[in-house]
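Below: one structure, written as structure tokens.
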Amino acid sequence: QGQTRLSRYYEHVEINKRTMLEAEVIKNCLSRSKDQCSFIEYKDFKLVYRQYAALFVVVGINETENEMAVYELIHNFVEVLDKYFSRVVSETLHLL
């Protein structure tokens, strides 16, 4: 559906810029095929994302951060959410 469920910014970004940024990020992630890697160069940072069923988890990082470590962090984060809230994306996690 392309809706942001939760977002966290570590630098101040005005609300109207957040809306535009999130729309562009969603568009970029949704337009990629499953055969493409989960790292996207975007403006002055990189996007690292993972898809779980209809849920996309996207993290914006700078050039000093390790993409693979963030990719694994996303998976661990989703596993914790799934255990804590149960059935967040349990059907997908069991397939991985």
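Here are some notes:
- Set Ser38, Ser90, Ser86: member being modelled with pLDDT of 85 or more and hydroxyl-bearing (Ser, Thr, Tyr): Ser38
- Within the range 51-65, residues that are touching a residue at least 24 places away in the same chain (Cβ under 8 Å) have Cβ atoms under 6 Å from residues that are loosely packed, with under 13 Cβ neighbours inside 10 Å in no pair, counting only partners at least 6 apart in sequence or on another chain.
- For Arg5, the conditions (1) modelled with pLDDT of 90 or more; (2) under 14 Å from the mean Cα position of the chain (by Cα) are fulfilled apart from (1).
- Positions within the range 14-56 being part of a helix (DSSP H, G or I) and open to solvent by less than 50 Å² (accessible area, probe 1.4 Å), in sequence order: Leu21, Glu22, Val25, Ile26, Asn28, Cys29
- Of the set (1) under 13 Å from the mean Cα position of the chain (by Cα); (2) at negative phi; (3) of a type outside the set (Phe, Trp, Tyr), all apply to Asn16 but (1).
The values are calculated or read from the model by the stated rules, or taken from the named source; none is laboratory data. Predicted model, so just to flag it, every value in this text is computed and none were measured. With ideal geometry, Cβ positions are generated from the backbone for all residues, glycine too; neighbour counts draw on all protein chains shown. What goes into the accessible areas is simple: the full protein's heavy atoms, side chains included, and nothing from ligands, DNA or RNA. Shrake-Rupley method; radii C 1.70, N 1.55, O 1.52, S 1.80 Å.
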